[in-house]
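Nothing in this text is a laboratory measurement; each read-out follows from the coordinates by a stated rule. Computed from a predicted model, the values in this text were never measured in an experiment. Because the Cβ atoms are built from the backbone with ideal geometry, glycine has one as well, and the counts that use them run over all protein chains shown.
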């Protein structure tokens, strides 16, 4: 689908240089960038929702389990890009 957007001149120049460096059309660069942006914001929403769920009704016993779980999760995701 074709669309028109307005962006600052310096951003356009940077996009043009990046597309040439990568050997892809500028429109493909914009599509990739937009897709990554949307994915990153989607992941943030998921994290926010999980934080809300896990923050509710935690008693003292649950805290130690939660700490172990969070530590394990952090170690397993240490090298993840998100």
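How far apart, in nanometres, would the label points at residue 9 and residue 26 be if each is projected 7 angstrom from Cα along the Cα-to-Cβ direction?
Here the answer is 1.4 nm between the modelled labels.
Please give the length that would be gained between residue 38 and residue 55 if that part of the chain were fully extended, namely 0.36 nm times their separation in residues minus their C-alpha to C-alpha distance (nm, one decimal).
Working: separation 17, 0.36 × 17 = 6.12 nm, distance 2.58 nm.
Value of the extension gain: 3.5 nm.
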